[in-house]
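Only the coordinates and a few stated rules stand behind these numbers; no lab work does. Please read all numbers here as calculations on a predicted model, not as lab measurements. Quick reminder, even Gly has a Cβ in these numbers, built from the backbone with ideal geometry, and neighbours come from all protein chains shown.
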Amino acid sequence: MSSIVGLQKTEEKIKLHFEGSRGIEIETLIASLEYTKTTLKASKNNIPGVQEYEILVEPFKEGSFVVDITLLVYAATELLPSVVSIGTVFLETLKIWKVLKGQPAKQVMRNQTNNTVEITGDNNNVIIVSPEALGTAMDSKKIAEDISNVAKKLLKDTTDRGSLNITLEKHGHKETVTYNYEDIKEIKSPVYLKESLSDKSITISHIILKPNIVNFDKIDDWKFTSSLSDKPFKARIEDSEFRRRVLEGEISFGSETRIKVILQTIETELKDGTGKKTYEHTIIKVEDIIDHDKGDQIKADI
């Protein structure tokens with residue numbers, strides 16, 4: 001593909017290294033290339049800005065069985081360098097399956113603040129990936145079935161294969177994901193991530209809240225309102241210094257006192273098909289106390 005106006009071409013290298021001194025069964029090779037092809041296509045579809053890509057398999061070399069792939073990616077110039085690498089997304093999907101170990105995800109949490117996704121496996125192992133990688137892994141059941149098929153073929157391969165190493169090289173930087181024999185045994189069961197995840201999102205914001213205080217001694221019972229919502233909501237206060245100052249009467253509150261805080265909100269969509277959501281609020285830190293009514297103060301120690 002020749003250069004296209006408005007698109008910039010980047011090159012990435014993907015290496016599939018099947019440990020062992022012999023050749024490889026053709027079914028194993030086909031399954032591995034099929035997963036690579038399917039996942040790279042899904043990666044492209046889940047990365048805004050990527051228009052086209054080419055996959056070139058380089059000539060085989062003698063020795064341990066290695067498949068060298070050159071990936072040419074054409075992305076919208078105005079979106080670079082923010083466009084996520086297709087190769088990176090491909091590698092992250094391999095990390096996801098390795099963490100899940102053939103079991104459904106225990107929790108998926110989206111952090112909108114830094115645009116990442118935290119996936120917790122059934123064994124409580126955690127991996128942080130890009131939203132593009134999550135979207136790719138959930139793109140279709142074929143993605144999960146293809147990686148499962150790779151594992152099954154490797155386990156049946158009569159050429160006494162060892163580990164499978166997948167390496168991504170871009171701009172001189174290399175990163176490798178290794179599947180050893182135990183990993184391969186565990187991923188033979190496909191995980192349909194879209195069906196099994198408990199979808200959560202996390203947002204961290206700087207916001208001004210109005211405390212609705214009934215009892216200063218029961219700080220965990222406080223409720224708050226904000227400019228975004230008149231409906232009172234509970235928020236757990238993790239700022240230990242603020243809690244101490246309140247309980248020891250060092251802070252005064254008036255009827256119009258506000259607090260500027262760092263607020264974490266976890267939104268969970270219920271899996272009952274209703275679309276309903278629950279919210280969990282945590283005040284990570286109280287940054288400032290804004291007193292609008294000096295004449296109507298209530299001492300925290302009263």
### Query
What base-10 log of the normalised intensity I(q)/I(0) is obtained for the range 32-76 from the Debye formula, alpha carbons as equal point scatterers, at q = 0.14, 0.24, 0.29 Å⁻¹?
-0.40, -0.88, -1.08
### Query
Taking only the alpha-carbon atoms of the range 95-157, what semi-axes of the equivalent ellipsoid follow from 5 times the gyration tensor eigenvalues under a square root, in whole Å, largest first?
24, 13, 8
### Task
Name the residue farthest towards the positive end of the dipole of the range 200-299 from the options I251, I207, H281, assuming +1 on Cβ of Lys and Arg, -1 on Cβ of Asp and Glu, about the Cα centre.
H281
### Binned Cα-Cα distances of the range 8-52, short to long, each 10 Å bin given as a whole percent
21, 43, 24, 12, 0
### Task
Using every Cα-Cα pair within the chain, state what percent have a distance larger than 32 Å.
45
### Task
Quote the FRET efficiency, to the nearest 0.05, computed for K223 versus D291 with a Förster distance R0 of 22 Å and r equal to the Cβ-Cβ distance.
0.65
### Message
If I build a Gaussian network model for the chain, linking alpha-carbon pairs within less than 10 angstrom, which residue out of P104, P48, P59 has the largest mean-square fluctuation?
### Response
P59
### Query
Given labels modelled 7 Å from the Cα in the Cβ direction, how far is it in nm from Y192 to I128?
3.2
### Query
If you build the Cα gyration tensor of the range 9-124 and take the root of 5 times each eigenvalue, what three semi-axes come out, in whole angstrom, biggest first?
27, 23, 10
### Query
Cα convex hull of the range 200-299: how many Å³ per residue?
104
